Amino acid sequence: MNILDILAIAAHRDDVEQTCGGTLLKMAQMGHRTGILDLTKGEMGTRGSAEERAREAGEAAKILRASWREALDIPDGRVENTWENRLKVARVIRRTRPRVVILPYWEGRHPDHYTASKLGYEACFLAGLAKLDVERTLLSEDAGFSQVASAVASVAAGEQQVSSSSLAAHRPFKIIYATLYHDIRPTFVVDITEQFESRLESLMAYKSQFSDQQAGKDIFPARTEIRARVESMARFYGSFAGVTYAEPFLQKEVGLVEDVTAIAVKSM
């Protein structure tokens with residue numbers, strides 16, 4: 001049985017909250033086990049320290065009802081699609097065994113974001129290679145990576161653990177891309193109207209990032225402006241499907257419809 005049903009992978013703590021937090025909460029409310037993998041610890045951020053962001057990420061994960069959250073040791077601001085980093089992410093995929101992986105869209109302003117997309121996709125492929133011993137290969141590469149660096153303890157009581165010896169090959173069934181950081185028409189949106197307030201609360205849990213302060217004041221919007229921006233984007237994508245608030249996603253594959261009378265969104 002899968003440890004996680006859905007795993008969201010992002011470059012930085014708070015990326016998931018901004019791009020697909022409402023969707024993760026909705027899936028958790030539907031009974032799915034969700035998880036978050038942050039590739040970096042946020043040590044290069046203009047605001048806050050890695051330790052502060054770790055505590056905030058833990059609080060945000062609780063709000064989103066995530067069953068699991070960890071951070072890797074990839075340097076912040078230097079997410080690179082290297083063999084070693086692909087192995088690190090592949091190891092997490094084998095540990096958590098998700099059916100669905102959510103990745104950032106593969107274009108954008110921040111190099112860490114679009115690199116995380118390609119890195120995550122290739123790691124999903126590697127994780128499914130039965131003859132690849134991820135653990136042994138990491139050790140033989142002298143990567144200094146004996147265990148996935150855990151920056152945020154599991155937020156679920158009684159968390160199920162997997163030993164290194166059980167890291168059998170696993171490839172997710174579906175990869176979807178959260179597109180909020182890039183201006184592109186999504187292939188589908190998820191209605192998060194009922195989850196919107198909690199999604200906003202999870203974002204505001206990052207007090208080091210979104211409280212009014214001198215550092216980064218020319219980069220970060222004022223706290224009073226954040227809700228307006230988040231709400232306007234959610235309303236924009238909600239209008240695509242006739243709902244109040246939504247989060248946008250893209251899939252590379254053609255969708256399969258069994259009953260054309262059950263397609264949800266009206267044409268006119």
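The values are calculated or read from the model by the stated rules, or taken from the named source; none is laboratory data. Here the structure is a predicted model, which means the values were calculated and not measured. Quick reminder, even Gly has a Cβ in these numbers, built from the backbone with ideal geometry, and neighbours come from all protein chains shown. For accessibility, only protein heavy atoms count, side chains too; no ligands or nucleic acids. Shrake-Rupley method; radii C 1.70, N 1.55, O 1.52, S 1.80 Å.
Looking at segment 223-259, the GluC sites (Glu not before Pro) that sit in a DSSP loop and have at most 15 other Cβ atoms within 10 Å of their own Cβ are 253, 258. Given a 1.4 Å probe and the protein chains as shown, residue 65 ends up with an accessible area of around 140 Å².
Would you mind checking 88/131; 26/266; 26/207 for any pair whose Cα atoms are more than 19 angstrom apart?
Correct reply: 26/266; 26/207.
Charged neighbours of residue 40, selected by a Cβ distance under 9 Å, balance to -2 (K, R count +1; D, E count -1). Modelled label positions at residue 99 and residue 267, each set 7 Å beyond Cα in the direction of Cβ, lie 3.1 nm from each other. Over all distinct Cα-Cα pairs of segment 1-147, the Kirkwood formula returns a hydrodynamic radius of 15.4 Å.
Per-atom-type breakdown for segment 79-144 gives carbon and sulfur 49% of the accessible area (1.4 Å probe, protein chains only).
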